[in-house]
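A short write-up of the structure that comes next.
The values are calculated or read from the model by the stated rules, or taken from the named source; none is laboratory data. Please read these numbers as outputs of a predicted model, since none were measured by experiment. Every residue, glycine among them, receives a Cβ derived from its backbone with ideal geometry; neighbour counts consider all protein chains shown. Accessible surface is based on the protein model in full, side chains and every heavy atom, while ligands, DNA and RNA are left aside. Shrake-Rupley method; radii C 1.70, N 1.55, O 1.52, S 1.80 Å.
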Amino acid sequence: MPDAFRGTHTALITPFSPDGTVNEPELRALVRRQVDGGVSGIVACGTTGEGATLTRAEQLRVIEIVIEEAEGRVAVTAGAGGNATQDVVEFVRRLERLKPDAVLSVVPYYNKPTPRGMLAHFRAVADASPAPLMLYNVPGRTARNMPAEVTLELAEHANIRSVKEASGDLEQVSRILKDAPKGFTVLSGDDSMTLPMMALGALGVVSVVSNLDPDRMSRLVGAVRSAQYDEARRLHHELSGLMALCFVESNPIPVKAAASMLGLCEARYRLPLVPLEEKNRPALEAELRRVGLLSGVAP
């Protein structure tokens, strides 16, 4: 059975048609490419999938398509974020018919909840969720860091199994890994932090760059898990430039632009996101060529 809490999980982009609707044929093709590329799982409707600008009905449809195309070959995690607890609770209940392998839910943004508020929010979501919950801590987007002590208290909940940590704070990550109960895992929420976090004991990554190169990102994670650190460092350095350029503007603007350069989908976005600035295109295209993706020849 696919494991939603370890390995390489692609935070999948959501392709749009010229009329602004979800492009379902392109979405299905993206899922097949990820499965063929060797990833452990796919996260649908996360930040990279522009979940915040999809309607709840669209989110359900995207998740349904990803599950259909994955056909049980990889884990599928449903993004279910929001800053209104009751809305998130109602949405995760609607996921029951789709049967995702896991649910990813972010720290509520804009409201700036206190630690007690975070505890109450995630317990309510976990109680309602039909699948095990992965917490998502990304203070750069939410304006609130979820402290290690909150994560550790939530880790005691029977339906909370993992955290996607994107705080960039290795001391915080280390404390979670050291004190978490058995069976609770940590995944990197930042491609560039995958190697150091896994060296501390994290079990994988929710990746942006694997949208472009699922094979190499999966091999990087696999190399760390098998203690092949020279190979892991080599792959990390190969991909580090692309990892950085995927965040030269707000995610997912650059990765979707790169996907368009590779012919995977058109670079269409939901406002308030707009296309990549022209000044950033040459460097992104040059990096895709350098790593062998644009030419189709891997180094």
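Using helices alone, I'd like the mean residue ellipticity at 222 nm for the chain: each DSSP H run of four-plus residues gives -39500 (n - 2.57), total over residue count, nearest 500. Could you put the intermediate results ahead of the total?
Working: 12 runs with 128 residues, N = 299.
Helices in the chain give a 222 nm mean residue ellipticity of -13000 deg cm²/dmol.
In this structure the amide hydrogen of L264, modeled in the peptide plane, comes within under 5 Å of no amide hydrogen from residues 5 or more places off or on another chain.
Here the extension length gained between S295 and S174 equals 39.6 nm, from 0.36 nm per residue of separation less the Cα-Cα distance.
For V43, the residues 5 or more places off, or on other chains, whose built amide H falls under 5 Å of its own are T10, A11, L12, T77. The fraction of accessible area contributed by carbon and sulfur in the chain is 50 percent, rounded to a whole number (1.4 Å probe; ligands and nucleic acids excluded). Take 30-41, 201-212 and order them by the average number of nearby Cβ atoms within 10 Å per residue, most first; the result is 201-212, 30-41. Relative intensity of the range 207-299 on a log10 scale, I(q)/I(0) at q = 0.14, 0.23 Å⁻¹, equals -0.50, -1.15, per a Debye sum over C-alpha point scatterers of equal strength in the absence of solvent.
Given 10 °C and 1.306 mPa s, how large is the Stokes-Einstein diffusion coefficient of the chain in µm²/s, with Rh as the Kirkwood radius over Cα pairs?
Working: Rh = 19.0 Å.
The Stokes-Einstein estimate is 84 µm²/s.
With the whole protein complex present, R141 retains an accessible surface near 120 Å², based on a 1.4 Å probe.
For the range 190-216 versus the range 86-117, the spacing of their alpha-carbon centroids is 24 Å. Under a Cβ-Cβ cut-off of 14 Å, what is the net charge of the residues other than I63 that fall near it, where Lys and Arg count +1 and Asp and Glu count -1? Net local charge, I63 excluded: -1.
Could you give the size of the charge dipole of the chain about its Cα centre, using +1 on the Cβ of each K and R and -1 on the Cβ of each D and E, expressed in debye and rounded to the nearest 20?
260 debye
Within 10 Å of each candidate Cβ there may be at most 15 other Cβ atoms; applying that plus a DSSP loop requirement, which GluC sites (Glu not before Pro) in the range 130-220 survive? Spell out each step's value before the answer.
Working: sites: E149, E153, E156, E165, E171; in loops: E156.
Within the range 130-220, the qualifying GluC sites (Glu not before Pro) (loop, at most 15 other Cβ atoms within 10 Å) are E156.
Among P108, P18, P181, the residue with the largest mean-square fluctuation in a Gaussian network model of the chain, with springs joining Cα atoms closer than 10 Å, is P18. Residue-wise HN-Hα couplings along the range 141-146, as the Karplus relation 6.51 cos²θ - 1.76 cosθ + 1.60 with θ = phi - 60° gives them from phi, are 9, 9, 6, 9, 7, 8 Hz; Gly and Pro carry x. Entry comment: accessible area of the chain is 41 Å² per residue, from protein heavy atoms only and a probe of 1.4 Å. Legend: distances between Cα atoms for K164/K279; K182/K256; K164/K256; K99/K164; pairs beyond 27 Å are K164/K279; K182/K256.
For Y109, neighbours were defined as the other residues whose beta-carbon sits under 12 Å from its Cβ, and their charges (Lys and Arg +1, Asp and Glu -1) total +3.
For the range 181-190, 3J(HN,Hα) computed residue by residue from phi via the Karplus equation (6.51, -1.76, 1.60; θ = phi - 60°) reads x, 4, x, 8, 10, 10, 10, 5, x, 9 Hz, glycine and proline entered as x.
Take the alpha-carbon positions of the range 90-209, form their convex hull, and give its projected area averaged over all directions (one quarter of the hull surface) in nm². Write out the running numbers ahead of the final one.
Numbers: hull surface 28.8 nm².
Taking the Cα atoms of the range 90-209, their convex hull projects to 7.2 nm² on average.
In the chain, the DSSP beta bridges split such that about 5 percent are antiparallel, to the nearest 5. Counting Lys and Arg as +1 and Asp and Glu as -1 over every other residue whose Cβ lies under 15 Å from the Cβ of D36, the net charge comes to +2. Projection of the Cα convex hull of the range 135-261, averaged over all directions and equal to a quarter of that hull's surface, yields 8.0 nm². As a size descriptor, the averaged projected area of the C-alpha convex hull of the range 1-66 was calculated at 4.6 nm². Considering only V66, T142, V125, the residue lying farthest towards the positive end of the dipole of the chain is V125, judged by Cα position with unit charges set on Cβ. The label point for N280 and the one for S17, both projected 7 Å from the Cα toward the Cβ, are 2.8 nm apart.
For K182 and Y229, what does the FRET efficiency come to when R0 = 35 Å and r is the distance between their Cβ atoms, rounded to the nearest 0.05?
On the way: r = 25 Å, r/R0 = 0.72.
Result of the calculation: an efficiency of 0.90.
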